[in-house]
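Structure first, then comments.
Bear in mind these aren't lab numbers, they're just calculated from the coordinates by the rules spelled out. Just so we're clear, the structure is a prediction, and the values are computed from it rather than from any experiment. Here Cβ is always computed from backbone atoms with ideal geometry, including for glycine, and neighbour counts include all displayed protein chains.
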Amino acid sequence: MLKIVLTLAVISAVYFFLIKKPKVTQHRQTRAAEKRKPKRDEEIMVECEKCGTFVSSHEAIIVDGKYYCSKTCAGVR
Ligand SMILES: [Zn+2]
């Protein structure tokens, strides 16, 4: 009987160890992803200074603090 209990204990220990390990890795990855994405970098829609087209802040070209939809509107090459 003691052998069965011991075997079960070992199996559950190994099982717990195997299950727990990927979870820790996953948690670390989530944390790293959060770090990589600052909150102030949230995507917002901005209006092009020249033609009035709305573009996302990630795609917009900023020249002298003004947003432009494309390089053509921004006047840069
Ligand atoms: Zn434009």
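How many residues are over 18 Å from residue 42 (Cα atoms) and either assigned to a strand (DSSP E or B) or within 11 Å of the ligand (Cβ to nearest atom) (or both) if we restrict to region 54-67?
Within region 54-67, residues that are over 18 Å from residue 42 (Cα atoms) and either assigned to a strand (DSSP E or B) or within 11 Å of the ligand (Cβ to nearest atom) (or both) number 1.
I want to confirm something. Restricting to region 44-53 and keeping residues that are more than 10 Å from the ligand (Cβ to nearest atom) and among the β-branched types (Val, Ile, Thr), which single residue is farthest from residue 71 (Cα to Cα)?
Per the criteria, the residue is 44.
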